[in-house]
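Taking it in order: structure first as C-alpha cells, then the write-up.
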Amino acid sequence: MSKKMVFPTKKELAEAMATYTATLSAKFCKERGCFTVVLSGGDLISWLSKLLEPKYHESIEWSKWHIFWVDDRVVPWDHKDSNYKLAMDGFLSKVPIPTGNIYAIDQSCAGIGDAKGAALLYEECIKRLVNQNIIRAYKSSGFPQFDLQLLGMGPDGHMASLFPGHYHINEKASLVTYITDSPKLPPKRITFTLPVINCASYNLMAVCDEAQADAVAEVFNDNYNLPATWLTAAEEAICRFRRLRNGTVNLTCSSSSSASRFESLSVSSIGSGSIRRLADSRRKVPAVRSMATTAAEIGKDEKKRVEIFELEENLAIDLAKFTADLSDKFCKERGAFTVVVSGGSLIKSLRKLVEPPYVDSIDWSRWHFFWVDERVVPKNHDDSNYKLAYDCFLSKVPIPPGNVYAINESLSAEAAADDYETCLKHLVKTGTLRVSESTGFPKFDLMLLGMGPDGHVASLFPGHGLCNESKKWVTFITDSPKPPSDRITFTFPVINSSAHVALVVCGSGKAEAVQAALKKTGSVPAGSVSAEDELVWFLDKPASSKL
Ligand SMILES: O=C(O)[C@H](O)[C@@H](O)[C@H](O)[C@H](O)COP(=O)(O)O
C-alpha cells in the first residue's frame, strides 16, 4: 500500500485531515468503543482546529477519545515549549474529551527536567492501558498499536523526537525513550521509539511549509538518514502535503501493509515489504584484487586461512570484498545475512564497506546486525560498542533499524545477557537466524572479530572461566580485565558454530598473541576460535611478524 496526497492549499489539506480523522474516529468508536489518538507538536494542532467546526464537532464521539503524545518536551505543563500546552490551548480545551482520557507527560518529572523518569512513567502508563485493552496490542509482539497517529516532520527530516544521526532511531528495547541533547530546542524530550510509531494502525504525516520541501524530497528519494523515511504503519501511512516548491515534491509515499518488522520487541521478519530495496539501483562491484599473501602451512586446517597484508589499508579493502561477497551469497541463498561484530579497532577496518562501490551495491535491507560482545553502558557512552558501530558504520548504511540488535543496557549484565539470548532464540524461531545442525547453537553467517593484545576475543579473556561455558549462548562478566567491567559476550560454542569467521588483527602489539594462537606457542582464547565453513585471519605485516 502506498499513499501520498498533495493539496493545493493549506485549507484543503486541513479539511482532508479532518475528514480522515473523523472517519477513523467513527470506525474505531463503533468497532471497539474507543479511539486512541497520538498527537505531535508543531503545526499539527492548528490543522486539528478544523475539527472544531460543527459538522465534525457534533458528530464525533469525543467521550471515546484517548489522547497521547508521540513526543513531548520535558518542561512544565504551562511552559510555552510544552506540546501538552499547545494541544490543550489550541484544541483539547475546546472538545469534551474526558480529562482522564488525556495522557500527558508526568507533571512532576517534567517540572524538574527529569527526562529519564518521564520516559519511564509514560511507558508504564502505556503498558497499563494495553493491559486494560484501551490501547490494542499488536499481534504477538504486544507492542502498543494506536489507532491513529498524527505526525509532523521537521526541515531536517526528524519525526517525533527521532533526529537524523542520533542513535535513538535504533532503540527497540523500550516503548518510550528520552533525549537530553536534542538538536532542536529544548534539549530534553521524551519520544516514542520507531517500533511503536510504526505499529500504529494509521499514520498520518502532514507537511506544509516551504522549509520542509528538501526533506520531503529526500524522504521520497529513500534517504535513510532521515528518520521520516522509516515511517510505515500497520494499516496505512499517508503523507499529506501542500504542493511545495514547483515540481520538488511530486512524490510518492511508501508504506507497509504490515508492521512485521517489529512483530516482536527486538525482532524483525526477513524481507518485510516495508523496506524499500536498494537492489534496483545496484551498481556492479568491480573486482578488488587481493593484496594478501597466504600463510599456507599454519595450522594445516583446511577451514582456516591466514591472509597477511603489507598495509592495513589493503587489509581493509580485502575485508570489504570478503564481506560483500558473503552478503551477496547469503542474500541470494536465504534472503537474509546475519552479521556479528566486535568492538575495538575492527570497526575502523570495516570502513571500506561504507564507501562506493559497496555502500551502493550491498543489499543492506537484508542485513541483520549483532554484537559478539557489548559493554553494559548507555548507548551514547564512549565505551559502548553500539555507539562505535553506529558512529562509524550503521549511521552510514540503510540497515533497517529493526534489524539492528543492540543489548538492553538498562538491565544488569546478567539480565542483559539473558535478554540477548532470548532475542536470538526468537530469531531462530522466525528463521532469521539459522541453527548449526552439528552443535544446535545459532549459526551466524559471518562473525567479524578483533583480538586484544592478550589474545582475548569477544569478552572471553585468558584464564577466565567463561571461556569454558558450554551451554549458554550469551553470558556475562562483571570483572572484565579490560574496562569497563560489566559486559555481555557470546560464548565459544556460538562463535565456533558460525558459518564464516574473520579474525582481524593489526599492529605489532598483538604479534605474540597471534603467534600463540596460530603456532600454539601459548594458550590464548583466540586460538580456540573456529568456524563451521571458514575461518580467515586477516593480519597486517606487524601483527604477523612472529609467525
Ligand atoms: O568490547 C570489546 O572489548 C571488544 O569487542 C573486544 O573483544 C575487541 O574486539 C578486542 O578487545 C580487540 O580490540 P582492539 O582491536 O581495539 O584491540
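Here, each number is a calculation from the coordinates, and none is a lab measurement. Note that the structure is predicted; figures quoted are calculated from it, not measured. Quick reminder, even Gly has a Cβ in these numbers, built from the backbone with ideal geometry, and neighbours come from all protein chains shown.
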Stretchable slack from Val354 to His426, in nm (0.36 nm times residue separation minus alpha-carbon distance): 23.0 nm
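Stretch Ser470-Ser528 to full length: gain in nm at 0.36 nm per residue minus the Cα-Cα span? Intermediate values should be presented prior to the final figure.
Numbers: separation 58, 0.36 × 58 = 20.88 nm, distance 1.32 nm.
Length gained between Ser470 and Ser528: 19.6 nm.
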Point-to-point label distance, Glu58-Ala137, nm (Cα→Cβ direction, 7 Å offset): 4.2
Of Lys139/Lys332; Lys139/Lys379; Lys352/Lys482; Lys482/Lys510, those spanning more than 20 Å from alpha-carbon to alpha-carbon: Lys139/Lys332; Lys139/Lys379; Lys352/Lys482
Hits among lysines - C-alpha to C-alpha of Lys329 under 16 Å, sequence gap 8 or more where chains match: Lys284, Lys321, Lys443
Cα-Cα separations in the chain greater than 37 Å, expressed as whole percent: 35
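Taking neighbour counts of Cβ atoms within 10 Å as a proxy for exposure, in what order, fewest first, do Val457, Val75 appear?
Lowest to highest Cβ neighbour count: Val75, Val457.
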Nearest-ten-degree value, helix 312-334 long axis tilted from longest Cα axis of the chain: 60
Descending semi-axes in whole angstrom, ellipsoid equivalent of the range 30-142, from the Cα gyration tensor: 23, 21, 11
Largest-first principal axis extents, alpha carbons of the range 3-262, Å: 47, 43, 40
Between 0 and 90°, nearest 10: helix 413-430 axis offset from the chain longest Cα axis: 80
DSSP beta bridge pairing in the range 295-544, given as percent antiparallel to the nearest 5: 30
Dipole-positive endmost among Phe476, Ile488, Asn403 within the chain (Cβ charges, Cα centre): Asn403
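Quick one: length gained pulling Asp78 to Lys329 fully straight, 0.36 nm per residue minus the C-alpha distance?
So the chain would gain 84.6 nm between Asp78 and Lys329.
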Neighbour-count ranking [beta-carbon atoms within 10 angstrom, fewest first] of Arg240, Arg334, Arg128: Arg128, Arg334, Arg240
